[in-house]
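Structure first, then comments.
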Amino acid sequence: MVETAGKRALRTMDLIPYILENPGSSIKSLARNFATTESQIEKDLQLIFMCGLPGYTPYELIDIVFDNGVVTVVDPQVLDKPRRFSKSELVVVVIGLRILAELYSANSSHTAKIEKLIRKVSNLVPTFSTSDSSLVPKPEILVTINRAIGLNQELEIEYTSISKDEVKTRKIIPTEVYMLNGKIYVRAIDTELSAERIFRSDLIKILKEGNPRTIELVNRDSVVHKVSLSISKEKRVFLERNSFLVRGSQESETTIQVDLEVSNLHWLKRCILSNAPHIKVLAPAEFALEINTAAQAILALYGSQ
């Protein structure tokens, strides 16, 4: 997984207080909760084992044990408390709390507690306005989706697909709502395909609420495509934002060669074209040819003007 040294350092500092608050955490659960691999968690723990207070004798080092996949912190030294949130993280927390306030708007007791917490967190970010409703993506839609998850209810939606440039009516049964890279996504079962699909919440328009129903999945996982890319280092931000797709990487002086596993080739195609010539397809050959053909067609349109 490609990541900056700073990102790894922040995760490493978060690991110790998390393990202290969640005794008996396994390497597998840590990898899942910190959105990385088990191998990377083991490397982080080995790094932590060599850190500590000045003097760096066994008495000043962080005492940590991971045996049979279970991690235990004996002496955390100075890392027994979580680090402070960054400004961007605090903004995300406030947005999340705003969404919760909408979801529990009918419960005045919950709403009052959430509003109090919003004010408290907002005071740590003086330049951020908590009254800016544009930062909360379609709360009324999230309320409907949250209710549908609880009832196992089918929804008829109109979905605008950016990757395919189309607006399509879909019937879905939402199963999960989660946030990634500052956007809120909905995992759902497409009832016509009997398969799981991912939707961006801000691109969903609810047309009709249906009845509760159960669908047996024909294909629980989307088709996974393996793609190798050569990425200019000046476009490292693409990797940092999509590091969860990376399965291997190798750096040279000016580029990073990465192996990705993706389910949406339309999305990846758009990313590559919008970042040309800094991202190039190495494999598979047919996908590289498709990108090249699309690029030539775009250039031809400019030439015809």
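Some points to look at:
- Residues of segment 204-226 that are closer than 30 Å to PRO284 by Cβ, modelled with pLDDT of 75 or more and among the hydrophobic types (A, V, I, L, M, F, W, C): VAL224 alone.
- Residue that is farthest from the chain's Cα centre (by Cα) [pool: residues in segment 222-259 that are of a type outside the set (Lys, Arg) and closer than 19 Å to PHE34 by Cβ]: SER249
- Any hit, segment 277-290, residues being exposed (fewer than 14 other Cβ atoms within 10 Å of the Cβ), more than 21 Å from the chain's Cα centre (by Cα) and at pLDDT below 90: yes
- Hits in segment 24-43 - residues which are without any contact (Cβ under 8 Å) to a residue 40 or more places away in the chain and surrounded by fewer than 20 Cβ atoms within 10 Å (Cβ to Cβ): SER29, ALA31, ARG32, ASN33, PHE34, THR37, GLU38, SER39, GLN40, GLU42, LYS43
- Where a residue in segment 100-118 is touching a residue at least 24 places away in the same chain (Cβ under 8 Å) and more than 23 Å from GLY150 (Cα to Cα) and its partner, wherever it lies, is of a type in the set (Gly, Ala, Ser) and surrounded by 14 or more Cβ atoms within 10 Å (Cβ to Cβ), with Cβ under 8 Å and at least six apart: ILE118/ALA101
- Cβ-Cβ contacts under 7 Å between residues 6 or more apart (or on different chains), taken from a first residue in segment 233-246 that is aromatic (Phe, Trp, Tyr) to a second residue that is exposed (fewer than 15 other Cβ atoms within 10 Å of the Cβ), are listed as PHE244/ALA35.
- Taken together, the criteria place SER88 among residues that are at pLDDT below 70, under 30 Å from LYS28 (Cβ atoms), outside any loop (DSSP other than H, G, I, E, B) and within 24 Å of the chain's Cα centre (by Cα).
The values are calculated or read from the model by the stated rules, or taken from the named source; none is laboratory data. Predicted model, so just to flag it, every value in this text is computed and none were measured. Heads up, the Cβs are rebuilt from the backbone with ideal geometry, glycines too, and the neighbour counts pull from every protein chain shown.
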